[in-house]
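**Q** Take this structure, written in structure tokens, and hold onto it; I'll ask about it next.
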Amino acid sequence: MKTPMKLISINVGLPREVEWHGQMVTTGIFKEPVAGPVMVRTLSLEGDKQADLSVHGGVDKAVYAYPTEHYAYWRDELPDMDLPWGMFGENLTVEGLDEDQINIGDRFKLGEAELIAVQPRLPCYKLGLKFGRDDMVKRFLASRRTGIYFRVAQEGQIQTGDVLELLHRDENEVPIADITRLFAFEKDDITALHKIIQVWDLPAGWQEHFRQQIHKYA
């Protein structure tokens with residue numbers, strides 16, 4: 001795993017109404033960098049809220065982190081767009097974060113908080129809204145540059161410059177990237193599917209999805 005993983009920007013925002021394809025939509029995807037320290041709570045950062053709690057938020061989507069390295073890719077892909085930190089709706093912009101190297105269930109210390117990596121971000125239409133592009137959802141998923149959602153194991157203050165320090169590596173060693181791979185690209189990898197459902201920290205919704213996938217392809 002690359003080290004250190006450094007917190008470059010903390011981004012928060014409250015839901016707002018915006019127009020998209022002739023309809024008014026409420027979204028919390030608009031995040032702005034803020035000066036720390038910021039308190040990490042069980043369900044979100046202070047000053048941050050999600051709009052549609054049926055698909056966003058909750059303990060398994062409490063904190064969303066996105067790698068600084070992915071921004072370089074997107075600046076090449078979208079050269080005409082301004083891409084400030086927080087553009088992907090992330091709470092934490094982190095240098096050195098890697099979905100291929102971080103396992104489901106890995107536990108980290110960040111400032112005073114403790115976080116558990118649990119799942120990637122799967123894009124919804126609101127990412128297209130944020131970028132003003134209908135193709136953004138498809139491009140985001142195809143890129144596999146998803147970022148990582150964390151569960152909050154211990155509340156505490158964080159600030160830019162803090163290092164995401166590994167406390168415990170999950171013994172199953174199933175990377176976050178495998179969720180995306182098995183969901184969207186290699187749906188019939190039965191061996192990997194059986195392995196991933198053994199991971200204790202895999203969210204219940206993914207457990208059920210992958211069990212159905214095993215039943216379909218076995």
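**Q** Show me, for the stretch 95-102, the HN-Hα J-couplings you get by feeding each phi into the Karplus relation (A = 6.51, B = -1.76, C = 1.60, θ = phi - 60°), rounded to Hz, glycine and proline as x.
**A** Once rounded to whole Hz, the list reads 7, x, 5, 8, 5, 7, 9, 9.
**Q** Also: Which of G89, G22, G156 moves the most in a Gaussian network model of the chain with Cα springs under 10 Å?
**A** Comparing G89, G22, G156 in the GNM, the peak value goes to G22.
**Q** Mean-square fluctuation check for the chain, GNM, Cα pairs under 10 Å: which of V118, V63, V163 is largest?
**A** V163
**Q** Taking 7 Å along the Cα-to-C-beta vector as the label spot, tell me the E165-E19 distance in nanometres, rounded to one decimal.
**A** 5.1 nm
**Q** Sticking with this structure for a sec: Which value in nm describes the separation of the simple spin-label points at R75 and A35, placed 7 Å from the Cα toward the beta carbon?
**A** 2.5 nm
**Q** Same structure, new question: Using a Förster radius of 45 Å, what is the FRET efficiency between I214 and D82 based on their Cβ-Cβ separation? Nearest 0.05, please.
**A** 0.55
**Q** Where Lys and Arg each count +1 and Asp and Glu each count -1, what net charge lies around K109 among other residues with Cβ under 15 Å from its Cβ?
**A** -2
**Q** What full-extension length gain, to one decimal in nm, is calculated for A153 and T191 as 0.36 nm per residue of separation minus the Cα-Cα distance?
**A** The A153-T191 span can extend by a further 10.7 nm.
**Q** Does the stretch 5-173 classify as rounded, prolate or oblate by the C-alpha gyration tensor (a ≥ b ≥ c root eigenvalues; a/c under 1.5 gives rounded; else a/b over b/c gives prolate, otherwise oblate)?
**A** Here the stretch 5-173 falls in the prolate category.
**Q** Given a Förster distance of 22 angstrom, what is the FRET efficiency for E95 paired with S143, based on the Cβ-Cβ distance and rounded to 0.05?
**A** For E95 and S143, the calculated efficiency is 0.75.
**Q** Related question: With the chain treated as a Gaussian network of Cα nodes joined by springs under 10 Å, which of P67, P79, P203 yields the largest mean-square fluctuation?
**A** Of P67, P79, P203, the Gaussian network model singles out P79 as fluctuating most.
**Q** Would you mind calculating the relative contact order of the chain from Cα pairs under 8 angstrom and at least 6 residues apart, reporting the percent as a whole number?
**A** 25 percent
**Q** Of the cross-linked pairs K6/K138; K61/K130; K61/K138, which ones have a Cα-Cα span greater than 24 Å in the structure shown?
**A** As for pairs spanning more than 24 Å Cα to Cα, those are K6/K138.
Every read-out reported here was derived from the displayed coordinates using simple, explicitly stated rules and does not represent laboratory data. These numbers were taken from a predicted model, which means no experiment stands behind them. In this analysis, Cβ positions are derived from the backbone assuming ideal geometry, glycine residues included, and neighbour counts consider all displayed protein chains.
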